[in-house]
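J.: What follows is a structure written as structure tokens; I'll ask about it next.
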Amino acid sequence: MTKRVFEAWKGSNKFILGGRLIFGPDARSLPATLLLIIVPVALFCVFVARHLRHEFSSYNAGYAILVVAILFTIYVLILLSFTSARDPGIVPRNLHPPEEELRYETTISADGRQTPSVQIPRTKEVMVNGVSVRVKYCDTCMLYRPPRCSHCSICNNCVEHFDHHCPWVGQYIGQRNYRYYFMFVSSSTLPCIYVSSMSAFYIKILMDNQHGTVWRAMKASPWSVALMIYCFIALCFVGGLTAFHLYLISTNMFCRQPYESFKAWKLGKKKWELS
């Protein structure tokens, strides 16, 4: 019986649901990322949002604080799943080296014997929109990599528009999941800002109700202080990543480009399903 593609896959990826979902080899880091997202929101709902329900004249407005935090979290988790469980842009490897590029050479040893050898040029020139571009040969995948394509040593695959391997999502970031990765990173700033703002608002309410100082209010709700510190640290991380990738996008250092000039790589334009 012929094996399906994911069953004979030579890379380091992990497949579930019959090959419909594809993860990187370090997908075990995903539970840690989920905890870093879910646990702070759960603490916020229990120790902060629950007490803010009755601080508004409209009872529904108080519940809206709780609902908004949950909706933000669900949205971020959906983007995380799209980033980590989708094909990032793998270039299918060849079963054998390209025959049209093989070069047969003969070497002469010291004793005069002739030894035939087969070599493949490490680079070659191709035309892209009238411009000559040098592409490199990948020994592992046995193909000439398209422009902006690199081989991920962790997952052992060539990936179109390879950006980096992200251990937090357990997947490498490439052409087909970059938009979800950017949306995930940028959207993660929203719950950070929201949770820290609502926690600070709760501290303000405690000060007004108890006619005390900010230190007394912080002692009355230490979880609010802990959430504000955590969100500040997380915001520095995801906010910095968001600004960096905005720079990459604005300077066209990472963009989608069609490969009409590459007849040999039209597999990348077809719907390639591992299942």
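The values are calculated or read from the model by the stated rules, or taken from the named source; none is laboratory data. These figures come from a predicted structure and were not determined experimentally. Positions of Cβ are backbone-derived with ideal geometry, glycine not excepted, and every protein chain shown enters the neighbour counts. Side chains are part of the model used for accessible areas, which takes the heavy atoms of the whole protein and leaves out ligands, DNA and RNA. Shrake-Rupley method; radii C 1.70, N 1.55, O 1.52, S 1.80 Å.
J.: Considering only strands (runs of 3 or more DSSP E) fully contained in segment 136-242, which possess at least 2 residues that are open to solvent by 20 Å² or more (accessible area, probe 1.4 Å)?
T.: Here the list reads 149-152, 164-166.
J.: Every residue in segment 167-217 that is among the small types (Gly, Ala, Ser) and within 19 Å of ILE154 (Cβ to Cβ), please.
T.: To start, the set of residues in segment 167-217 that are among the small types (Gly, Ala, Ser) comprises 170, 174, 186-188, 196-197, 199-200, 212, 217.
Answer for segment 167-217, where residues must be among the small types (Gly, Ala, Ser) and within 19 Å of ILE154 (Cβ to Cβ): GLY170, GLY174.
J.: Looking at (1) at pLDDT below 85; (2) open to solvent by less than 30 Å² (accessible area, probe 1.4 Å); (3) over 24 Å from the mean Cα position of the chain (by Cα), find the lone condition where VAL48 falls short.
T.: Of (1) at pLDDT below 85; (2) open to solvent by less than 30 Å² (accessible area, probe 1.4 Å); (3) over 24 Å from the mean Cα position of the chain (by Cα), only one is false for VAL48: (1).
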